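Working notes, beginning with the structure itself.
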Amino acid sequence: MKITERMVRFGLCTMIALSFYLSYLIWWSPATKDTTLVNEVETDARTELNVKDASEVFLPLRLTRIDQETIDETNTESLVKKFQTDIANAQFETAHIKKYDSAEDFATQTQLDEGVELAYAAAMPMSSYLDTFHITLPMSEEMEQETEFLRIQIDFKKEKIRFLNRNKLTVLEAKVLSGMNEFKHTIKNNAAEWVAVFRDPGYSSYQYYTVEPVKLKMYSYISSTRPYTVFRDSFFTNPKNVRSNDGTANLNFYDGTESMTIQQEQQQIDFRSVVRTDHQFDIYTTSYNYIRGLGTNYGSLRLFDQSKNIIDYRIFVEGFPVFSDRAEGKITVRFSENGQVNQKNIEIKANLNTIQVPIPSEREITLPSSYEVVQNLYLHGAEYEKLNMIVIGYGWKNIQDTGVIDLEPNWYIQYENTWYSYEQLLAYLEESEETNGF
């Protein structure tokens, strides 16, 4: 019995001593000394890296099926993915490229009577597209490296595939040797949700418009603040070597030329580094290599837009992009010159907040037709050549003090290479008219 009591006392003394020692480490180690994050008690996301495949990130925005004057559009991701798989499985003759002298000739020669179109909001490099979707399309190396496109056509009548760039008035075209039957089967046998659209060359020969109001569901989600480790492990080259310094109101992380600042009050992330550009620089591939490690931790993240040295990725819900005034659900990657040969600066801006758990809802909102929207914009002074694209998106609305967000459908318009909601663009046009009138 005495031996047992002594063992118990010894054990208690040992635990007390250990407690004092750990307290010393926590409270008396210098506050100004940097700490290595690898020593923190946390789950390292890299132990089971959840990588998002490039074929999911770089999907086209939407798909259009055309049968003479009967035209329908869908944002159903499963169908867009299936069509991309069909293209990858098809075989083609050697491609050739043609440049047209005028927008009128380009529109006439690319009007599709029967087939399918897949559209991007940003010009996609051919080399990135072929690599991403594992497509074999014979062409010269120079053509592959220099070609960019905004739209893909599968012409059922002429049995051809085309890659269109309306900005440069170019069309890359190839004969489909095999796979045409699968294209037609896919477009006839699917469970996609379609919306009837039509062409009006008086406004645009490149944009399709809905003529009837569009009824769409509202969605509600419980919002979630993602831990900074999710972004640290995706952005930094060696996340286990990253050190921190929390001597300011912000959280700061660094390792060599890489640094990340988190503004805790605004929930904003700013990552900066330097990338090597020894080979031909590709903004798509380079930016993807940074965000791929986010996996599904940041929702259904997809390419949305790209202009010059900036590329934007957004969360998508049911195939539609999400917009927010505070950049929730959006990751922007910017590249700039730094004066060194074969190097560029990279800056990534993101928000810690994302959508997590859906809340069942039967609410619906009816949007006016896109044709009515465009007509109204022109009446308020919008210029035809500045209106690039109109899409349905979901606006992020925080419900105060609830941790819940509503996603409300709306029309979003790319005007002068900037995205506005319908109401924002109307306000901008009215303000511009007042300024010019004054």
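The values are calculated or read from the model by the stated rules, or taken from the named source; none is laboratory data. Keep in mind the model is a prediction, meaning the values are calculated, not measured. Heads up, the Cβs are rebuilt from the backbone with ideal geometry, glycines too, and the neighbour counts pull from every protein chain shown. Surface accessibility is based on the protein's heavy atoms, side chains included, excluding ligands, DNA and RNA. Shrake-Rupley method; radii C 1.70, N 1.55, O 1.52, S 1.80 Å.
Some observations on this one:
- Cα shape, segment 114-268, gyration tensor, a/c 1.5 rule: prolate
- Listed peptides 147-154, 290-297 by packing density, highest first (mean Cβ within 10 Å): 147-154, 290-297
- Using θ = phi - 60° and Karplus 6.51 cos²θ - 1.76 cosθ + 1.60, couplings along segment 88-104 (whole Hz; Gly, Pro as x): 5, 7, 7, 10, 9, 6, 4, 7, 9, 10, 9, 10, 9, 7, 9, 5, 5
- Estimated 222 nm signal from helices in the chain, with DSSP H stretches of n ≥ 4 weighted -39500 (n - 2.57), rounded to 500: -8000 deg cm²/dmol
- Peptides ranked, highest mean first, by Cβ atoms within 10 Å: ranges 54-61, 269-276: 54-61, 269-276
- Counting heavy atoms of the protein chains alone, SER336 has an accessible area of about 50 Å² for a 1.4 Å probe.
- q = 0.13 Å⁻¹, segment 303-438: log10 I(q)/I(0) [Debye, one scatterer per Cα]: -0.70
- Within segment 267-314: Cβ-based charge dipole about Cα centre, in debye rounded to nearest 20 (Lys, Arg +1; Asp, Glu -1): 80 debye
- Selected from TYR371, TYR290, ILE97, residue furthest toward positive end of dipole (the chain; charges at beta carbon): TYR290
- With contacts taken as Cα pairs under 8 Å and at least 6 residues apart, segment 148-253 reaches a relative contact order of 11 percent.
- Taking segment 298-438 and dividing mean pair separation by its residue count, relative contact order in percent (alpha carbons under 8 Å, at least six apart): 18 percent
- Peptides 324-330, 99-105, ordered by how many other C-beta atoms sit within 10 Å of their residues on average, highest first, read 324-330, 99-105.
- Computed in the context of the full set of protein chains, the accessible area of the chain at 1.4 Å probe radius has 50% of its extent on carbon or sulfur.
- Contact order relative to length of the chain, as percent, for alpha carbon pairs under 8 angstrom and 6 or more apart: 16 percent
- Cα gyration tensor shape of the chain, rounded if a/c is under 1.5, else prolate or oblate by comparing a/b with b/c: prolate
- When the residues HIS185, HIS134 are ordered by accessible surface, computed with a 1.4 Å probe over the protein chains alone, the sequence from largest down reads HIS134, HIS185.
- Helix 2-28 axis versus longest C-alpha principal axis of the chain: approximately 50°, rounded to the nearest ten.
- Shape class for segment 236-345: oblate, because the ratio a/c of the largest to smallest gyration tensor axis (alpha-carbon atoms, square roots of eigenvalues) is 1.5 or more and b/c is at least a/b.
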